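Each reported figure results from applying straightforward, stated rules to the coordinates on display, with no laboratory input. On a predicted model such as this, the values are computed, not experimentally measured, just so you know. Cβ placement follows ideal geometry from the backbone for every residue including glycine, while neighbour counts extend to all protein chains displayed.
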C-alpha cells in the first residue's frame with residue numbers, strides 16, 4: 001500500500017478533521033466476546049485474584065517471574081503484568097500455558113482471568129475471598145499458603 | 001513494508017509537518033508505544049474516573065501485535081511524526097458489507113484505530129497533531145482499492161467518534177451493533193470513498 005497524495009491534500013484533510021475523536025474498534029482478541037461494563041468490573045475483580053494466585057503459586061515454588069515465564073513459555077513482562085496490573089487483559093495462550101504449569105483446569109483459569117464468561121458458581125466470591133486473604137508480604141505465610149491451597153482446591157473441584 | 005510520505009498539522013505551531021505512514025507495525029513502533037504512549041495511558045488510567053478512562057488504556061499493543069501478526073488477511077499500520085508514534089491501525093479484508101446497496105460485497109474492515117494520547121481531545125487540549133484519523137482512513141481506502149474492493153470500508157466507531165466518521169469522513173451510520181459492545185457500525189461505499197479521496 002502506497003499513498004501518493006500532494007501536501008495540499010493533507011493540509012485540507014487536517015482542516016476538515018479539526019479536533020476530533022477518531023477511535024474505532026477493538027483489538028481482535030476482544031472482538032465479539034468483549035464483556036459489557038458490568039461484566040468487565042467482575043472480570044477486574046477476579047483478575048486481581050488471578051494475579052495474586054500466579055504470584056503466590058510462583059513464590060510458593062521458590063520461582064522468580066523469569067523462571068515462571070521460561071517454564072510456561074511466555075514473556076517475563078506478561079507474568080509481571082498479570083501479577084501487578086488487573087487492568088491488563090492477559091493473552092488466552094498465556095493463561096492456558098500457566099494453567100498447564102499450575103495443574104489447574106484451563107477453563108476455570110480463563111474465567112478467573114476474565115477471558116470467558118464465568119459459569120462456575122461462586123467463582124467470583126471465592127476469588128475475592130482469596131484475594132482479600134492473600135495480600136503479599138515478603139515471604140509466603142502459613143495463612144497465604146493455606147489460602148493458596150484452599151483456592152487450588154476450589155479451582156480443581 | 002512500504003513507507004508513504006504524508007503530512008500532519010502541528011496544532012501547537014500551526015505548521016504542516018512531514019510524517020511517515022508504514023503499512024506494517026514493527027518492533028520499533030511497538031518500542032515507541034512502550035516508551036511514550038504506555039506511561040501516559042497508565043497515568044490517565046490512574047488519575048481519571050473509570051467512566052472517563054480511554055477504552056483502550058489497558059490494551060497492551062506489544063502482546064496484541066503477536067496475535068495479529070499470525071493472522072492471514074490482517075494488515076497493520078503505524079503513523080510516525082517527528083520521531084513519535086502518532087497512531088496505529090489494524091485492518092482485515094475478510095469481512096462483508098452490510099449496507100443494502102453493497103450487501104455481501106467484500107470490504108476492508110478497520111479493526112481498530114487509535115491515536116497517541118497527546119492527539120486526543122479528551123486527554124489534551126488542544127491535541128498536538130491534526131489529520132491522523134483521516135490519514136488512516138485514506139490508507140484503508142487505498143488498501144481497499146489495491147485489492148479490488150473499490151474503496152469499500154466498514155468499522156465500529158467508539159461512541160465519541162461517531163461524528164468524525166459521519167460528518168468528516170462521509171460514512172453511512174448503520175446504528176449500534178449488539179455483537180460489538182453496541183458500538184456504532186459505519187460503512188463507506190465506493191462513491192463515498194471517491195468523495196473522501198477528493199477531500200469533499
*Whole-Å distance, taken between Cα centres, linking the stretch A:86-108 and the stretch B:140-200*: 36 Å
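Can you put A:130, A:102, A:53 in order, fewest other beta carbons within 10 Å first? Working shown, then result.
Working: A:130 25, A:102 20, A:53 28.
Ascending number of Cβ neighbours within 10 Å: A:102, A:130, A:53.
Among A:89, B:122, which comes first, second and so on when ranked by fewest other beta-carbon atoms within 10 Å?
On the way: A:89 25, B:122 14.
Ordered by Cβ neighbours within 10 Å, fewest first: B:122, A:89.
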_Cα-Cα P(r), the protein assembly as shown, percent of pairs per 20 Å interval_ = 29, 51, 19, 1
*Based on the alpha carbon coordinates of the stretch B:62-142, what radius of gyration and maximum Cα-Cα distance (Dmax) apply, in Å?*
14.7, 43
*Based only on the alpha carbon positions, what is the Kirkwood hydrodynamic radius of chain B, in angstrom?*
17.4 Å
*Just B:158, B:21, B:90 to compare: in a GNM of chain B, with alpha carbon springs under 10 Å, which one fluctuates most?*
B:158
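Please arrange B:12, B:156 by how many other C-beta atoms lie within 10 Å of their C-beta, fewest to most. Present the calculation step by step, with values, prior to reporting the outcome.
Working: B:12 11, B:156 24.
Arranged by neighbour count, lowest to highest, B:12, B:156 become B:12, B:156.
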_Based on C-alpha coordinates, I'd like the Rg and Dmax of the stretch B:82-200, in Å._
14.1, 43
